[in-house]
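Student: Got a structure for you, written out below as structure tokens; questions coming shortly.
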Amino acid sequence: RLVIGNPEGYKTTNAISVRAVGLSLKLGSVLSDKVVIKSIELKEAEINLEGTLRGDNNLSKILGNVEGTSNSTNEPASQTTPGKPAKKLEVDDFLITDAKVHVSITGVGGITLPIHEMHLTDLGKGPDGITAAELTKVVLRRIVSEVTQVVTDYLAKIGKDVIQKEAGKIVNDAAGKVGESIGNLLKKK
């Protein structure tokens, strides 16, 4: 089980929790400068989105912390011992399946939405590879992007449904008034 806690000030304890993680790697690469991971699969991710969709939310704050753009005074977790370079990684296949987001954003009550499968490939291909911090950035960017898209699509759909419902009421009301007016005209003759 993998858990990423929420930054201070948010209601839920965790931003992301994953029930199962699968990992397959090229065993011989563990002793080399670049570890080759054939696949990583995160199953049944539970993602909590709190705040707003405009970037003032827990997921964006975590991404900002990872990218080093927040006002956090903590040192990046990717620092290594002086003189010893960080291990590089190659991740051939990164898959997140059966994920859902629990949404608690301004103007929308608590809802839970399914998230499309997220599939990343060929991360760190080539001789240089990527660091664990770079891999984390890529994955978090994708998660934030997917969550934002799913919630935006949902809000657009319910907005469209509300507009259609209201338009239907207006048309029905107008038709009723036209029918009433025609009835009144016929009564006068």
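Student: Say the cut-off is 18 Å between C-alpha atoms; which of Lys43/Lys157; Lys34/Lys87; Lys38/Lys88; Lys11/Lys157; Lys43/Lys88 go over it? Don't skip to the end; give the middle numbers.
Tutor: Details: Lys43/Lys157 27 Å; Lys34/Lys87 6 Å; Lys38/Lys88 14 Å; Lys11/Lys157 27 Å; Lys43/Lys88 25 Å.
Correct reply: Lys43/Lys157; Lys11/Lys157; Lys43/Lys88.
Student: Still on this structure, please answer the following. For segment 5-63, take the convex hull of the Cα atoms, compute a quarter of its surface area, and give me that in nm², please.
Tutor: The directionally averaged projection comes out at 5.7 nm².
Values in this text are rule-based calculations from the coordinates and carry no lab data. Everything numeric here is computed off the predicted structure, so don't read it as measured data.
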